[in-house]
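Working notes, beginning with the structure itself.
The values are calculated or read from the model by the stated rules, or taken from the named source; none is laboratory data. Since the structure is predicted, the reported quantities are computational estimates derived from the model, not experimental observations. Positions of Cβ are backbone-derived with ideal geometry, glycine not excepted, and every protein chain shown enters the neighbour counts.
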Amino acid sequence: MKKVLVVYYSQTGQLESVLKSFTSKLGDEEIKVDMRPIQLKVKYPFPWPFYTFFDEFPEAVQMDGCEIEELKELEEDYALIILGYTVWYMSPSIPITAFMQSQQAKKIFKNKPVVTVVACRDMWVLAQEKVKVLLNSLDSRVIDHVALTDQSGSVLSLVTLPMWMLTGNKKFFSALPQAGITQENIDNCTRFGERLNSSLKQDKEKESGAMLKNLAAVSVNAKLIATEKIANRSFLVWTQLIKWSGKKYSFGRKVTITIYFVFLVLLLLTVVPLNILARKILNIFQKEKLQAMEEKYELPSGK
Ligand SMILES: Cc1cc2nc3c(=O)[nH]c(=O)nc-3n(C[C@H](O)[C@H](O)[C@H](O)COP(=O)(O)O)c2cc1C
């Protein structure tokens, strides 16, 4: 019997539904699936109060982690680990960072093949790079990657996702698409578990090649990568400013968060549309470079 550990953090349950669908055809009499949600010592609120939502920004980007419970009665001989994470401010969510930095992760991940599964709004490329660094430091290797993103697309989800997080309503604006991943996309994740089931029975997790090829596991939009990189650089400056302005949830932080929020809105209304236009023109001359970039970030599983 082979054992697969599925470790994840899901606040609203969206990622959990993805993983339940993913694993529904993975387990059988030969393969045991061990689903383990990460539990927090102090839960985050949902819906998020405005300032609490932004107060997590510095800790997420600077990967400070938070207090989590230890996972009880884990086995030692997992053949494969599925790491399910969401993206917070273009970084892995704080609970996932905390878990990856724990002593327990050091033991569990050592020399283990890992399939990473991300379910987020839209931008996961830099977060996945950060997860890969964490996994490398634990002596494990990513053998496959699956990414699911919101149905409203990269621009509209800039509005629909925060409104879902701040109000709990996935369809806050009736004229806009619903926030989150479509049920159809979630249901279709069974294909990954089915493939892993047959691959594990052939010991393919011990080989170096990906197991989830030709299943549309990921689709990178290279045009967004430059935006992610620019935003990430500005995140480093703003997160430091917010940290300098006070302790978590302090009045000082609220002041800096307010300034940052106004800056963000102005950026969205001015620089972002101009940037989209400039990139559209520039991309006409960079088709090959963009394609190469997409292929690089779509590794190991590919489209
Ligand atoms: C504090 C916070 C920050 C987030 N930042 C991002 C982000 O930068 N990029 C992104 O694609 N999604 C972002 N999201 C959305 C999450 O990745 C995810 O889609 C959402 O939280 C639902 O996941 P869950 O309920 O399964 O945990 C953020 C969510 C939260 C709560």
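Key figures
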quantity	calculated
Residue match in segment 228-249 (condition: touching a residue at least 24 places away in the same chain (Cβ under 8 Å) and farther than 22 Å from Ala127 by Cα)	yes
Some residue of segment 237-253 being of a type in the set (S, T, N, Q), within 25 Å of the chain's Cα centre (by Cα), under 16 Å from Asn221 (Cβ atoms) and assigned to a helix (DSSP H, G or I)	no
Residues within segment 47-71 that are more than 18 Å from the chain's Cα centre (by Cα) and over 20 Å from Thr23 (Cβ atoms), tallied	11
Residue that is of a type in the set (A, V, I, L, M, F, W, C), assigned by TED's automatic domain parsing to the domain that holds Ser208 and free of Cβ contacts under 8 Å to residues at least 24 places away in the same chain, where the choices are Met123, Met163	Met163
Some residue of segment 140-154 being touching a residue at least 40 places away in the same chain (Cβ under 8 Å), over 30 Å from Lys206 (Cα atoms) and within 11 Å of the ligand (Cβ to nearest atom)	yes
Complete set of residues in segment 143-157 that are crowded, with 16+ Cβ neighbours inside 10 Å and either over 19 Å from Val87 (Cβ atoms) or over 16 Å from the mean Cα position of the chain (by Cα) (or both)	Ile143, Ser152, Leu156
Matching option when the condition is on the phi > 0 side of the Ramachandran plot and of a type outside the set (Asp, Glu), among Tyr260, Tyr297, Tyr249	Tyr249
Candidate set from segment 187-208 (those that are among the acidic types (Asp, Glu) and assigned to a loop (DSSP other than H, G, I, E, B)); member that is modelled with the highest pLDDT	Asp203
Ala60 in contact with a helix residue (DSSP H, G or I) (Cβ under 6 Å, 6 or more places away or on another chain), farther than 27 Å from Trp244 by Cα, among the aliphatic types (A, V, I, L, M) and within 16 Å of the ligand (Cβ to nearest atom)	no
Looking only at segment 13-48, and only at residues there that are surrounded by fewer than 18 Cβ atoms within 10 Å (Cβ to Cβ), in contact (Cβ under 8 Å) with a residue 60 or more places away in the chain and farther than 23 Å from Glu73 by Cα, the one that is nearest to the ligand (Cβ to nearest atom)	Phe46
Residues (within 12 Å of the ligand (Cβ to nearest atom) and surrounded by fewer than 21 Cβ atoms within 10 Å (Cβ to Cβ)) located in segment 96-122	Asp122
Residue within segment 66-76 that is surrounded by fewer than 19 Cβ atoms within 10 Å (Cβ to Cβ) and within 14 Å of the ligand (Cβ to nearest atom) present	yes
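Rundown of residues vs (1) among the aromatic types (Phe, Trp, Tyr); (2) under 20 Å from Leu138 (Cα atoms), yes/no style:
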residue: Ser21; (1), (2): no, no
residue: Gly27; (1), (2): no, no
residue: Tyr51; (1), (2): yes, no
residue: Gln62; (1), (2): no, yes
residue: Ile68; (1), (2): no, yes
residue: Ile81; (1), (2): no, yes
residue: Lys112; (1), (2): no, yes
